[in-house]
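Some notes on the structure that comes next.
The values are calculated or read from the model by the stated rules, or taken from the named source; none is laboratory data. Quick caveat: nothing in here was measured; it's all calculated off a predicted structure. In this analysis, Cβ positions are derived from the backbone assuming ideal geometry, glycine residues included, and neighbour counts consider all displayed protein chains.
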Amino acid sequence: MNALTPVPLSLLAPEIAVTLALAAALAVGMKSRPSNGLLARAFGALGVLAGLILFFWGPAYSDTWLLRSGGVARAWQVFFHLAALFFLAAHEARGERPVALLLGALLGMDLLAAANDLFALFIGLELMSLPLYLLVYGLRPDKRKLEAAVKYFFTGGAASGLFLFGLSVWYAETGTTALAPGGLPSPGTSLALALMGSAALFKIGAVPFHFWLPDVYEASEPELSAFMSTAVKAAGVLLLMLLSIGHSSFDPLGGSGAAFPNLGAWLPAVSAATMTYGNLMALRQRSVRRLLAFSSIAHAGVLLAALWVWQDGGHGTELSTLWFYLGAYLFMNTGAFLFLALSGISEVEQLKGYGARAPWPAAFFALMLFSLGGVPPTAGFLAKFYVIWDLLKGSGAWLAAAVALNSLLGLGYYLSLVRTMTLDEPGPRTPDGSFCPSAAAGLVLLLCAAASLLGFIPEAREWLFTLLTL
Amino acid sequence: MATALIVNLLVVLALAAGMSLASPLFGPRRTLPREKGLPYETGMPPFGAPYGRMTASYWRFAVLFVVFDVDLAFLVPWVLLRRHLTFEAMVSMSAFLLLIGLTLAYLWRKGALECD
Amino acid sequence: MLLTWLWLAPALAMIVVWAMPSRGLARGTALLFSLGLFAYSLWLLAPYSEGLLHLEELGVAGPLGIRYRLSVDGIALSLCWLSALLTVLSLAASWKADVPNAFWASFLGLEAALMGVFCARDLFYFYLFWDIALIPMFFIIGLWGSSGRRKASLKFVLYTFLGSLSLLIGLLALVTLHHQATGVWTWDMSALEKTPIAGRAALWTYAALALGFAVKIPVFPLHNWLPDAHTEAPAAGSVMLAGSMLKMGLFGFLRVLLPVFPDLSAAALPVLGGLGVVNILYGALCAMAQSDLKRLVAFTSVSHLGFCLVGLFSLTAAGIAGASLQMLNHGLSTGGLFLLVGMLYERAHRRGLNDFGELASRTPIFAFFFAFILLSSIGLPGLNGFVGETMCLAGMAKASLPLTALGLIGTVLAAAYGLPAFQAVFWAPAGPGSASPGLADLDLRERLILWTLVALILWLGLYPRPMLELLEPAASALAQR
């Protein structure tokens, strides 16, 4: 085990920026009595942006016993920061508390991405989850939100307990808590990995551990659901990835460490089950938020397939498919949830004839839905295209067929939403066409639309990879 | 290692099951008359819920206690070893203390430290 | 750049038309633009004869071999003409419809996608445009169709998307297997010709690709989406659907499947040729049983495209040229039929066979056009249908006589479904509930549209030489492989 050498603080510069923003937000909250959240949001956004810039400032890759930066960690941290920025732009915070909580969650995610030791991983996981439980409840008392928050809290706590149990078994087997390959796989280490992996799958919302997801996404505010469905899922995928390679100096441009075969065996099955379950359940939903929750479960399944592709191939460049999928998913899911937030729609019935009342917002939502469904020429299509291709290149032909069939299933409900929006007459519960985003939210919407139209350019995947490994 | 875990699991299950099943299996068989089974309340029939209402603020103070206790757990070694630590350790610990202090001020200001 | 404009211009025009302030302006712009595009596509014959349109590419090949490439041969160019012409005619026919800008914009978008499919040479972009065509069609059927449109639009998209997915997997498998066999990543159609993939992998890839194309044509067991989609679509939509979109499937066979897997295609001749014959007969038989005019015409589509499939899989120059010619013919005649039924529906708001009668005396001009185009569809010698069908069957005769014989029965059946329908609508005495009284005859605009079609039909029927000169080089080049 490495000596406990001090970790250079420069490694943590982005996180320090976020912490400063957190402190500033709290300070703002103390000052004026009825504080509008604008100043806090501004500070928060500033900190998050500073963190983003600082990511690309330091050395490309560095590695200590506790933390590492650059490489894979940085790519994921960029995703987290972007998702946080979107949330800050869209959320109309009445007060500084949501901002502070979000920044706390972001800190946890950054720590999770940068961790090189299992304990750091755990701390990051907890720091990410606890503020999210509170964020689900939000600011105003509401029975549904309370139920969802409590549900999330208890199940999340159970998952964290599983993680700790796995950690302890791992320590008992290998005598170290470092994220390093533990030699030959033994029953002990596979048990440990299975336990820790279940915590990761819980965060992703994969099939045996998905029960909390629909209720939580339905009850929380749409912009929070956007953040959770993109950033938290990405964190879960990263967690799974780190557990599966267990190599402390993982560098995407070099070779990766030995992958434990145990994790690979069940990953395709979980992926297929998750996709199918999510799509089948979404077909019958009458609440748009719940439908999008199930659709995010389905997309999580495809994410797991992309992760399996990477692990199966063992090449560094196969990560580009996973990153591209995460990126495309970030934009299209955020766009979809933001539309819900800004238009005030939460039931499918309310979508009836919305296209007639508000054509441009409806067109935006239709674009997001087409992208989620994987219809060319959107980015969502390109992402699925690469996943299927990589699966066919490797040994996952049946999984590729599963992904394809599932995108057909998905199109069934996405397209029927578009149909309701455009073909039907406006119903009694359709909101009128008022759709006024703030400037920041409008910018985010434009970004989402622009990103979703990238499907014409197949080189986008390589561009993203180059950008993230600068 | 795995055997140890399995044995542990089996022993735990056996103990729990044993303790639960021992009483009805080996104890005297007698059904009490209904009045004898009720909770004792100086002769009067019991009224109200058997569980009292717990003040939620107890939980709040418990959490705050845990937080500052952990803070203390980090503080004590640092204080004792400060002479041997680098300047960086001073900086990071000060930052830690400042953050805790800020949070305390925030809580104070928001009225989380008030009793009832 | 010349070919790129073929799809880029309609795409840009779509956005412009959509954003226009007034409906009248949108309508006029769309029509003028489509006329211009048709003229442009005709003009492209000049550079084509000089061999300039063989290849057009941009950018560099990505690491996985995808690169923006377009090219046309005679067959593709003729299909581009057909699409452009049908767009003009559909827009003109819908002139009086009370529809928002999005209607005109959708047609332009559809045109862009079709042009892209026919011109594409890189398989990625082929697939991209293939799928893009679904979206405007979804809205055309769904927003401006008749009573059952809500269900039909979704069914259409989901059914054809399933085919598209099969196509996607087939294409990916093709490229990947090609790489495994030769070590080269490429999506270029011509580079993939005669790919050295063999064995079971090749068979599965072929099946996946064929399935994808077959859903679009549609071939017998997979044709269920067609009657609903055609019946519920607005007249203009049906014209584009039958006239151009169905050709995409045949074009796929032509451009992708036959060159890439020539041996497997030869082996598949009995299967696919047989399915073609099934199409011919089944389509004709179903058409005879219909009482809704539009549904009847939809089934004649199935039947006609069966001829194309038969000609295509004869793998002879005559057969392939005949199939290409028949694609054009079908576009003209079935497109014409849909337009005519649409005009009838516009006036009477009914489509049943038995809802009319004695129209020959009340609306003689309409009757003339209907008769003419119907006879072209049946295959009367002297009109275009005859040339196409004969060439297809002649090509097949060299390959397989039994199939040819069955195909010949199909030509007879065509008369069997066409003539009684004509008789019921035009000559039979009008019943008590008939919509015939009070139907106005065709106005100038409609007559212009139909005269255009009639002229082309006559020209192709009596003097197909120029068109055949265009088609034959490509066809014989294909057949030689």
**Study point:** Identity of the residue in segment C:149-163, at the interface with chain A (Cβ under 9 Å from one of its Cβ atoms) and within 19 Å of the chain's Cα centre (by Cα), that ends up nearest to A:GLY353 (Cα to Cα)
**Key:** C:SER153
Revision key, fill the gap. Scanning segment C:164-174 residue by residue, the ones that are touching a Ser or Thr at 6+ places or on another chain (Cβ under 8 Å) and more than 7 Å from chain A (Cβ to nearest Cβ) total 2
Point to revise | Index of the failed condition, A:SER395 passing every other in (1) more than 9 Å from every other protein chain (Cβ to nearest Cβ); (2) among the small types (Gly, Ala, Ser); (3) closer than 30 Å to A:TRP308 by Cα; (4) assigned to a helix (DSSP H, G or I) | key: (4)
Review point. Condition test on A:GLY47, is it part of a helix (DSSP H, G or I) and either crowded, with 24+ Cβ neighbours inside 10 Å or more than 22 Å from the chain's Cα centre (by Cα) (or both)?
Key: yes
Practice item. Identify all residues within segment A:371-380 that are at negative phi, without any contact (Cβ under 8 Å) to a residue 60 or more places away in the chain and more than 7 Å from every other protein chain (Cβ to nearest Cβ); write none if there are none. Key: A:GLY373
Exercise for review: Search segment C:30-48 for residues being crowded, with 18+ Cβ neighbours inside 10 Å and of a type in the set (Ser, Thr, Tyr), and hand back the single one that is farthest from the chain's Cα centre (by Cα).
Suggested key: C:TYR48
Review point. Taking segment C:215-274, which residues are more than 14 Å from the chain's Cα centre (by Cα), under 19 Å from C:GLY109 (Cβ atoms) and of a type in the set (Lys, Arg)?
Key: none
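May I ask you to list the residues in segment C:206-240 that are part of a loop (DSSP other than H, G, I, E, B) and more than 17 Å from C:LEU309 (Cβ to Cβ)? Outline the logic, then answer.
Pass one, segment C:206-240, residues part of a loop (DSSP other than H, G, I, E, B): C:217-219, C:223-224, C:233-234.
C:ASN224, C:ALA233, C:PRO234 - these are the residues of segment C:206-240 that are part of a loop (DSSP other than H, G, I, E, B) and more than 17 Å from C:LEU309 (Cβ to Cβ).
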Check your understanding: part of a loop (DSSP other than H, G, I, E, B), surrounded by fewer than 24 Cβ atoms within 10 Å (Cβ to Cβ), more than 12 Å from every other protein chain (Cβ to nearest Cβ) and under 23 Å from the mean Cα position of the chain (by Cα): does that describe C:SER146?
Key -> yes
Review point. Just for helices (runs of 4 or more DSSP H) wholly inside segment C:354-418: which have at least 1 residues that are at pLDDT 85 or above and closer than 22 Å to C:LYS294 by Cα?
Key: C:364-378
Point to revise | Selected residue (only one of A:SER295, A:SER320 is within 20 Å of A:MET421 (Cβ to Cβ), assigned to a helix (DSSP H, G or I), within 17 Å of the chain's Cα centre (by Cα) and assigned by TED's automatic domain parsing to the domain that holds A:VAL387) | key: A:SER295
Check your understanding: Restricting attention to segment A:300-311, does a residue exist that is at positive phi and either at pLDDT 90 or above or surrounded by fewer than 24 Cβ atoms within 10 Å (Cβ to Cβ) (or both)?
Key -> no
Revision key, fill the gap. Residues of segment B:61-87 being within 26 Å of A:ALA25 (Cβ to Cβ) and within 14 Å of chain A (Cβ to nearest Cβ), in sequence order, are B:VAL63, B:VAL66, B:VAL67, B:VAL70, B:PHE74
Review point. Restricting attention to segment C:378-387, does a residue exist that is among the aliphatic types (A, V, I, L, M), surrounded by 13 or more Cβ atoms within 10 Å (Cβ to Cβ), touching a residue at least 24 places away in the same chain (Cβ under 8 Å) and touching a Pro at 6+ places or on another chain (Cβ under 8 Å)?
Key: yes
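Listed here are the residues, each with its yes/no results for (1) among the small types (Gly, Ala, Ser); (2) out of contact with any Phe, Trp or Tyr (no Cβ under 6 Å at 6 or more places or on another chain); (3) over 18 Å from C:ASP441 (Cβ atoms); (4) surrounded by fewer than 21 Cβ atoms within 10 Å (Cβ to Cβ).
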position: C:LEU332; (1), (2), (3), (4): no, yes, yes, no
position: C:GLY336; (1), (2), (3), (4): yes, yes, no, no
position: C:LEU340; (1), (2), (3), (4): no, no, no, no
position: C:GLY352; (1), (2), (3), (4): yes, yes, yes, yes
position: C:LEU359; (1), (2), (3), (4): no, no, no, no
position: C:PRO364; (1), (2), (3), (4): no, yes, no, yes
position: C:ILE373; (1), (2), (3), (4): no, yes, no, no
Revision key, fill the gap. Scanning segment C:95-121 for residues that are crowded, with 24+ Cβ neighbours inside 10 Å and not in a helix (DSSP H, G or I), the one farthest from the other protein chains (Cβ to nearest Cβ) turns out to be C:ARG121
Point to revise | Extreme residue, surrounded by the most Cβ atoms within 10 Å (Cβ to Cβ), among residues of segment C:157-190 that are closer than 21 Å to A:SER407 by Cα and of a type in the set (Phe, Trp, Tyr) | key: C:PHE161
Study note, to complete from the structure: Taking first residues from segment B:61-83 that are over 22 Å from A:LEU127 (Cβ atoms) and second residues anywhere that are among the small types (Gly, Ala, Ser) and surrounded by 10 or more Cβ atoms within 10 Å (Cβ to Cβ), the pairs with Cβ under 9 Å that are 6 or more apart or on different chains are B:LEU81/B:ALA89; B:ARG82/B:ALA89
Exercise for review: Taking the options A:GLY104, A:GLY182, name whichever one is at pLDDT below 90 and surrounded by 17 or more Cβ atoms within 10 Å (Cβ to Cβ).
Suggested key: A:GLY182
Exercise for review: Determine if segment C:77-96 includes at least one residue that is in contact (Cβ under 8 Å) with a residue 12 or more places away in the chain and closer than 30 Å to C:THR176 by Cβ.
Suggested key: yes
Study note, to complete from the structure: Checked segment C:122-143 for anything part of a helix (DSSP H, G or I), touching a residue at least 60 places away in the same chain (Cβ under 8 Å) and more than 7 Å from chain A (Cβ to nearest Cβ); matches are C:LEU123, C:PHE126, C:PHE129, C:TRP130, C:MET137, C:ILE140, C:ILE141
Review point. Which one of these is at the interface with another protein chain (Cβ under 7 Å from one of its Cβ atoms) and assigned to a helix (DSSP H, G or I): A:ALA383, A:ALA400?
Key: A:ALA400
Point to revise | Search result, residues across segment A:422-465 that are within 14 Å of chain C (Cβ to nearest Cβ), over 20 Å from A:LYS384 (Cα atoms) and surrounded by fewer than 17 Cβ atoms within 10 Å (Cβ to Cβ) | key: A:GLU425
Exercise for review: Starting from residues that are modelled with pLDDT of 85 or more and among the aromatic types (Phe, Trp, Tyr), keep the ones in segment A:19-76 and report whichever is nearest to A:LEU319 (Cα to Cα).
Suggested key: A:TRP76
Review point. Would segment A:403-414 turn up any residue that is within 8 Å of chain C (Cβ to nearest Cβ), hydroxyl-bearing (Ser, Thr, Tyr) and either part of a helix (DSSP H, G or I) or in contact (Cβ under 8 Å) with a residue 40 or more places away in the chain (or both)?
Key: yes
